[in-house]
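The values are calculated or read from the model by the stated rules, or taken from the named source; none is laboratory data. Every value quoted in this text rests on a predicted model; they were computed, and no experiment measured them. Cβ coordinates were reconstructed from backbone atoms using ideal geometry, including for glycine residues, and neighbour counts include every protein chain displayed.
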Amino acid sequence: MEGKKAFLIDMDGVLLYGDQAIPGAKEFLERLQKNGYKFLILTNNSRYTPLDLQHRMSRVGIEVHAKHFFSSAMATAHFVSLQKPKGSAFVLGGTGLYQALNEVGYSFTDYRPDFVILGEMESYPYDKIIRACQLIMSGVPFIATNPDPSGPGQGGIVPACGAVAALLEKASGYSPYFVGKPNPLILRAALRYIEEHSENAVMIGDRMDTDVKVGLESGLETILVLTGVTKLEDIPRFPYRPHRIVQSVAEIELK
């Protein structure tokens, strides 16, 4: 890690596994903070605010300030504010998405909005799905926070943003623009957020198809950990490789 100043770290599968901290995760984050490294904990889940994510980590004994979290909701808000400053949106999503959009001056309406924006939420009201479809078919641009088809929920795996996006795409005939991983846009927004350059940054993740892919395409050094989705035998299936492979973040040395 010599010469690197910033770390972008996926959360689930790298620091947490379900509702448990991955061994060594707490100590790794403490080393980053002690040595003055810039870092952000990334998540494709747009449902939660940074404060929600801080509380989730705190419950497993890891204390990290809310400023160290960056979600696809925050990246989406950054993107639309550049495309249409202080615009309006029809939103299907959770508190995290509403808060991020509100912070960039967006208003919420179902009458001639600038965008239809889809994110994660606890449940998707069918009447809002119908309205979103009608707006998309009328020509309103369609944005989704991330392409993940499923994710962890109460009682097991549940449909996520990507699955609902597929429903709206099928019904309307229009594809969404996905902001979250593996779109390099989210990493560029995260680096801008901490005022750092890709040449000085490392992406740490557990997925070859999102974390490693987005890191490589954004010009970052990449580290794959084997504590999450990807196993060692899965790696040869991909046409690209991470710069390093480690069992867990506990193995990452800082200089």
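The residue that is farthest from the chain's Cα centre (by Cα), among those in the range 12-61 that are of a type in the set (Gly, Ala, Ser) and under 18 Å from residue 120 (Cα atoms), is 18. One residue stands out among those in the range 99-141 that are surrounded by fewer than 21 Cβ atoms within 10 Å (Cβ to Cβ) and among the aromatic types (Phe, Trp, Tyr): the one that is nearest to residue 55 (Cα to Cα), which is 124. Among the residues of the range 35-45, none qualifies, meaning not one is in contact (Cβ under 8 Å) with a residue 12 or more places away in the chain and in a helix (DSSP H, G or I). Screening residue 60 with (1) assigned by TED's automatic domain parsing to the domain that holds residue 188; (2) closer than 23 Å to residue 226 by Cα; (3) modelled with pLDDT under 95 gives one miss only, at (1).
For the range 220-246, the tally of residues that are surrounded by fewer than 20 Cβ atoms within 10 Å (Cβ to Cβ) and touching a Gly at 6+ places or on another chain (Cβ under 9 Å) stands at 2. For residue 199, the criteria (1) at pLDDT 95 or above; (2) out of contact with any helix residue (DSSP H, G or I) (no Cβ under 8 Å at 6 or more places or on another chain) hold in every case but one, which is (1). Of all the criteria given as (1) over 22 Å from residue 169 (Cβ atoms); (2) in a helix (DSSP H, G or I), the one not satisfied by residue 127 is (1).
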